[in-house]
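Here the structure comes first, spelled out in structure tokens, and everything after it is commentary.
Here, each number is a calculation from the coordinates, and none is a lab measurement. Since the model is a prediction, treat every value here as computed from it, not as a measurement. Counting neighbours? That spans all protein chains shown, and the Cβs are built from the backbone with ideal geometry, glycine included.
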Ligand SMILES: Cc1ncc(COP(=O)(O)O)c(C=O)c1O
């Protein structure tokens, strides 16, 4: 398992101090960043990453759901290098470039139905903003000026830029910025606890559209499998029902596939798995397996034509680096490798075994109450004791979420996410190349983490 590390050198200490003095981290408490234990990852190979002291960690979250082909791929590095030498940059404002054209064509070929038009940006948040602005532009092109509201779901995450955050449904991320957020989003219940028989969660969307007035609603945005609240796989019939509702009220259906696309659920686009052709799909992360920052949306062709044929004649949105030649060259190499190496088949072949390993953890550890997920993405929900149906006390929840889980995860050398969005959970979502040996390793390390969690709960009852 984990190899312990060399003692810290003077150079490593200096690097850590520089990080603490100058590098402002994302979503990280100041006290944690300033702590002696701050880690610095310096290299990676396959499904494993290594810190500067030589300690090995299993990348159990694929970075942040994005290192889909794993680390150290020479083909992706070569694609970037070759493109950088030939044409490092030219904007897609009025001009094409070969890799952007090829990446767009490959994505269009993989996208369902008539989603054929690809718009590139640099991140998932920008992809969401692009989709929401495109939906508004489409309605304007049809003279439906009153349509601007967006329906999204509680505990959903759609990014952190002010537009994306307006749509995100995680209270603690939104609250501090509320005066700055756009007020056009309506949040409805997610699919947690819903069943195929009831479909209360899709009914909530239809009810909201009727309450707001369909003529004011622009779009519904949902992830095929919602990450916030932990691996929420929708009940059968949910997505076809969303399609029916969107069509009935003239609302656009956006699938936010920033996590779900590029193989996480065994398909290039998860919408395919859920039997639906949305109007717009957003993507990012796995499109380059994180070897370059790239995001985007793929849109149904008739909708683009509607905008182009309107008096404006253009989709009035853009970014300097949209369709960046180096990022899109890496996307081409990434998608080619996913095809030639049968990554979708690999995920579909292994998801049953992954699930079985998670179910064994559920059966073994009474601090796990539920396992949810699909493909290469699972959430384990934690309680005090599942046998007696005892939830975590407030103090236990605060302790686990306040640093205990992070420490246990790190001590076990398994980089997965302790999550507090609506429950206390552990999320795992490894690189899609993970084979039986890596999945066994994830299970073993989770056994350790959960045993330690149970011990901690017993001493902090
Ligand atoms: C579903 C979804 N949408 C949007 C985003 C925002 O992406 P980014 O962090 O690249 O801006 C994320 C990030 O995790 C996401 O999961």
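Taking 0.36 nm per residue of separation and subtracting the current Cα-Cα distance, fully stretching the chain between residue 345 and residue 183 would add 54.1 nm. Taking every DSSP bridge with both residues inside the range 74-340, close to 45 percent are antiparallel. Estimated from the Cβ-Cβ distance and a Förster radius of 35 angstrom, the FRET efficiency linking residue 93 and residue 34 is about 0.25. What angle, in degrees between 0 and 90 and rounded to the nearest 10, separates the Cα long axis of helix 98-110 from the longest principal axis of the Cα atoms of the chain? The two axes meet at around 90 degrees.
Shape annotation for the range 178-219: C-alpha extents along the principal axes are 38, 24, 14 Å, from largest to smallest. Reducing the range 104-141 and the range 412-452 to their Cα centroids gives an inter-centroid distance of 33 Å. What spacing in nm lies between the two simple spin-label points modelled at residue 196 and residue 309, each 7 Å away from Cα in the Cβ direction? Modelled inter-label distance: 4.0 nm. Between the helical axis of 436-459 and the longest alpha-carbon principal axis of the chain there is an angle of about 70 degrees. Note on residue 211 and residue 78: the model spin-label points, each 7 Å out from Cα along the C-beta direction, lie 5.7 nm apart. A full extension of the chain between residue 86 and residue 175 corresponds to an added length of 27.4 nm, given 0.36 nm per residue minus the alpha carbon distance. Averaging 1/r over each pair of different alpha-carbon atoms in the range 23-77 and inverting the result gives 12.7 Å, the Kirkwood hydrodynamic radius. Per the Debye calculation on the range 102-149 with a single equal scatterer at every Cα and no solvent contribution, log₁₀ I(q)/I(0) for q = 0.15, 0.16, 0.29, 0.31 Å⁻¹ amounts to -0.51, -0.57, -1.02, -1.05. Report the residues of the range 34-72 in range of a label on residue 14: point 7 Å along Cα→C-beta, backbone N strictly under 16 Å from it. In the range 34-72, the label zone of residue 14 (backbone N under 16 Å from the point 7 Å along Cα→Cβ) covers no residue. Here the range 217-347 yields Rg over Rh of 0.99, to two decimals, using C-alpha coordinates and the Kirkwood radius.
What FRET efficiency comes out for residue 301 versus residue 420 if R0 is 30 angstrom and r is the Cβ-Cβ distance? Round to the nearest 0.05. So, using R0 = 30 Å, E works out to roughly 0.15. Equivalent ellipsoid of the range 74-340: semi-axes from √(5λ) of the C-alpha gyration tensor, largest first, are 30, 21, 17 Å. Entry for the range 84-213 at q = 0.09 Å⁻¹: log10 I(q)/I(0) = -0.38, Debye formula applied to identical alpha-carbon scatterers, no solvent contribution.
With Rh defined as the Kirkwood radius, the inverse of the mean 1/r over Cα pairs, the Rg/Rh of the chain is 0.97.
With both residues required to sit in the chain, DSSP beta bridges show an antiparallel share near 70%.
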